1. Provide the net charge surrounding Pro27, with neighbours chosen by a C-beta distance below 12 Å and charges set as Lys +1, Arg +1, Asp -1, Glu -1.
2. With runs of 4+ DSSP H residues as the only contributors, calculate the mean residue ellipticity of the chain at 222 nm using -39,500 (n - 2.57) per run, divided by the residue total and rounded to the nearest 500.
3. At what distance in angstrom do the alpha carbon centres of the range 123-188 and the range 70-115 lie from each other?
4. Pick out the long, greasy-scoring helices in the chain: whole DSSP H runs spanning 15 Å or more along their own axis by Cα, mean Kyte-Doolittle at least -1.0.
5. Counting each pair of different Cα atoms once, what's the Kirkwood radius of the chain in Å, rounded to one decimal?
6. Note down the net charge around Val14, summing +1 for each Lys or Arg and -1 for each Asp or Glu among other residues with Cβ under 12 Å from its Cβ.
7. Within the chain, what percent of beta bridges assigned by DSSP are antiparallel, to the nearest 5?
8. What Kirkwood hydrodynamic radius do you get for the range 118-235 when you take the inverse of the mean 1/r over all pairs of distinct Cα atoms, in Å?
Amino acid sequence: MNTLDSHNLNQRNVLTIYAHADDEVLPAAGTLSLMSKAGWNIRCLILTDGNLSSSAVKGKRHQEAEAAGKIIGASYDFYALEECNFSTQAVIKVTEEAIKHCLPDIIITHAPQPEQFGHRDHEVCAIAVSNVATRKNIPLWYSAPPVFLRGFEPNFFVDITSVIEEKIAAIGCYESEQEKAFMQLDAILVLSIFWARELGQKDGYFEAFQISRHCVDASFFSALAHLKNPVLSSR
Ligand SMILES: [Zn+2]
């Protein structure tokens with residue numbers, strides 16, 4: 001884990017905070033993989049340990065996450081907050097601790113979504129993480145919900161075509177979740193193509209984010225100018 005001592009200005013750190021193991025790969029595995037290939041440190045924090053799942057599945061979720069992390073170049077921290085019952089205060093505390101250790105340049109988390117459309121844990125996580133990121137003025141990206149996109153207003157799209165195989169493989173690591181409809185290969189590809197179409201792109205696979213707060217310096221534009229096909233697309 002990075003500490004103040006090992007932090008250097010050339011290395012970027014991204015911290016993802018999600019309620020459940022698997023929440024991170026579905027909307028963001030491609031982007032995280034691209035970041036790690038570019039030399040970023042990727043730290044994925046998972047708030048719960050699947051305590052509502054069958055006991056056989058509990059420990060497995062951590063192993064599955066570690067396996068996915070090897071593919072996308074991410075390391076994991078697991079907390080054991082009670083699924084469907086944790087408070088915003090608990091997530092605020094966990095987030096503040098993680099920020100102290102990771103010194104993130106960007107935080108990625110669930111998009112805030114009314115409970116009737118999304119999982120209660122996702123909403124609580126989004127509210128708490130937003131609270132901390134806002135107070136600490138850390139750039140915050142919301143990733144796309146797996147289903148029911150209501151309330152999600154994407155304004156930043158990442159071309160993950162070059163790493164789509166890694167994304168599929170990372171999601172495939174979560175064998176215990178394979179029965180979920182949105183974890184199916186066709187659903188993953190359809191959503192990735194849907195974001196391409198939103199951008200008017202006929203080809204390719206994309207991930208979508210809603211950036212709540214971000215600033216860039218001149219190096220961002222020189223990086224864009226040197227790319228033949230810009231990896232990062234903003235509309
Ligand atoms: Zn979840």
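1. -3
2. Numbers: 7 runs with 94 residues, N = 235.
Helix-only estimate at 222 nm: -13000 deg cm²/dmol.
3. Distance between centres, Cα-based: 13 Å.
4. Values: long enough: 25-37 (18 Å, 0.99); 55-72 (27 Å, -0.62); 88-102 (20 Å, 0.04); 120-136 (24 Å, -0.18); 185-198 (20 Å, 1.27).
Taking the DSSP H segments of the chain (at least 15 Å long, mean hydropathy at least -1.0), we get 25-37, 55-72, 88-102, 120-136, 185-198.
5. Evaluated on the chain, it is 17.9 Å.
6. Numbers: positive: Arg12, Arg43; negative: Glu24, Asp105.
Around Val14, the charge tally is 0.
7. On the way: 11 of 30 bridges.
Here the antiparallel bridges make up roughly 35 percent for the chain.
8. Working: mean 1/r = 0.0623 Å⁻¹.
Hydrodynamic radius (Kirkwood, Cα only) of the range 118-235 equals 16.0 Å.
Every read-out reported here was derived from the displayed coordinates using simple, explicitly stated rules and does not represent laboratory data. Values in this document were obtained by computation on a predicted structure and should not be read as measured data. All Cβ positions, glycine included, derive from the backbone under ideal geometry; neighbour counts span all protein chains shown.
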